Structures are given as structure tokens and as C-alpha cells.
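Reading through the C-alpha cells given below for one structure.
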Amino acid sequence: MEDESNAGPASTRWARGRRLGVDLGKARIGVAVCDPDGILATPVATVRRDLKTAGENIPADILEIAETAREYDVVEIVVGLPVTLSGEEGPAAAHTRTWVERFADHVSPTPVTLTDERMTTAVATRRLNEGGVRGKRKRSIVDQAAAVEILQQWLDRRRR
């Protein structure tokens, strides 16, 4: 697992291929994917968090996201790390790191990268509001929109 949450843009050379973006929430997980050239992130799905386990003692949410990664033939998975505005890590970040460790074991050898997700949900919510999306419809897609923001910001940093 690569952790760029406290570092600048990764110094690794860009490899062409799709990336999966993940916004891990307490109740839902937003999933997004980009094109093979890493230009544009688009929403894919909202996965319900499942703290219960399914087959192989692996939570169903991990199995579902891993299957999505296989379907899109991704070369990397980018997961948002929730840090405070000052950059400190709290309980939410610790929870995310624990989930990512388990998830990374399941999707290996596909690399999983943590990236700072500050303000991504707020930006996604604002964009949905500006687009006229309200109520239940917004709740059902805000996690996907946040995953798009996480992945798009990560991609944009790669182009700098």
C-alpha cells in the first residue's frame, strides 16, 4: 500500500491504465473510475458498507469493490484518506487505514494508494447542488461524486 497522504505528487513514472477511486464512508462507499489515459474520472457505483462477512470471511463491500476493479481491469486503486483541515489524522483515518490494509490484501497485486481527501465530499455536494440534484437522489449519489473528486484530484496532481 502506497501512502501519499503526507507527501507531494508521487515520483513514480505514469503507467497507462484505468484507476479506481474509492470514497470510504460509514454507511456507503463511493466508487469511480478513470479512462486509461487518466484524464477524466466518472462515477461507477455506490456500495453499501457491510460489516458482516461473506464467503472467505471477507466483508461483502470488499468483495464487491474488488470485483469492480477486476471488471474495469484497473492498474491502481486510489482511496481517500480522511484527515482534518490541519492535516492531522484522527479516528476516521485510522478506520480507513485498517479497511485499506484488508482490502489491499484482497486485491493484491493491484496497488492501493491512500490520498488526502480533504473537502472532497463538500465539493461533491456543492457541485450536485449547483446541478439541481436534491433530496434522496443526492444522498444516493453523493458518495460516487466524492469518489470522482478524490480520483480526479489525484489524477490532476499527476499531470503537474
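Can you pull the one-decimal nm distance between simple spin-label points at Glu101 and Arg16, each 7 Å off the Cα toward Cβ?
3.8 nm
So if R0 is 25 Å, what FRET efficiency would Ser108 and Arg48 give, r being the distance between their Cβ atoms, rounded to the nearest 0.05?
Numbers: r = 24 Å, r/R0 = 0.96.
The computed FRET efficiency comes out at 0.55.
Figure the gain on full extension for Ala60 and Ala92 (residue separation times 0.36 nm, minus the Cα-Cα span) and round it to one decimal in nm.
Gain on stretching Ala60 to Ala92: 9.5 nm.
Using mean Cβ contacts within 10 Å as the protection proxy, how do 27-38, 65-76 order, highest first?
Working: 27-38: 19.9, 65-76: 16.7.
Top of the packing list down: 27-38, 65-76.
A short reminder: the numbers here are calculations on the coordinates, not readings from a lab. None of these values were measured; they are calculated from a predicted model. FYI the Cβ positions are ideal-geometry reconstructions off the backbone, even for glycines, and counts take in every protein chain you see.
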